[in-house]
Amino acid sequence: MNADSQSRDVVRRAPDPRSKTTPNEAAKPDPPLHWPTITPLAAEREWPELRRWVDELRERYPGVDSYVVPACWYEHESLVVALQALKDHERVAYATTSPASAGTDWHRAFRDLAALLRQFTADLRCGHGPEYVDPANFEGFVVEDSACRRRRAATVALGHSETITG
């Protein structure tokens, strides 16, 4: 038996992580992220992650064009919340503890939310095309969003009304 056949044998006998744990024993996945209530620090951490996921979604699914997710998606809370819901759904659907049908469930949710995103985008009055893509716009938006969240948190901490404009 040579080294190459030994390594293939090891791969063949590798345990399936799904068979080792039951859903009750496995760690629960993180809960969904609710954008309107996350802290400034969490938002700074999550924005780049959501942007990366949205970019990957566009690459994987060519039908996700600028009429479904415009270049300025991050400026529109309805789009952000819907995209985050899809991201969370995908994360849970493809967790090692998920049933085999979870991927299909995710694609149903994707189909439904893509239609909703298309409707949300149709109602916007901003540019939809790729000519509006500018990484500096996203970076500037994240800085402003973080500052707005900090002002809101400070206002609430001081006992004032939570309504404050960005």
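Scanning the stretch 63-87 for residues that are surrounded by fewer than 18 Cβ atoms within 10 Å (Cβ to Cβ) and assigned to a helix (DSSP H, G or I) returns Glu75, Glu77, Ser78, Val81, Ala85. Scanning the stretch 112-164 for residues that are assigned to a helix (DSSP H, G or I), under 19 Å from Asp55 (Cβ atoms) and at pLDDT below 85 gives Pro130, Glu131, Tyr132, Pro135, Ala136. Residues that are under 12 Å from Arg150 (Cβ atoms) and touching a residue at least 24 places away in the same chain (Cβ under 8 Å) were ranked within the stretch 34-57; the one that is surrounded by the fewest Cβ atoms within 10 Å (Cβ to Cβ) is Thr39.
If you go through the stretch 96-111 and pick out every residue that is surrounded by 14 or more Cβ atoms within 10 Å (Cβ to Cβ), in contact (Cβ under 8 Å) with a residue 12 or more places away in the chain and not in a helix (DSSP H, G or I), you end up with 1.
The values are calculated or read from the model by the stated rules, or taken from the named source; none is laboratory data. Just so we're clear, the structure is a prediction, and the values are computed from it rather than from any experiment. Quick reminder, even Gly has a Cβ in these numbers, built from the backbone with ideal geometry, and neighbours come from all protein chains shown.
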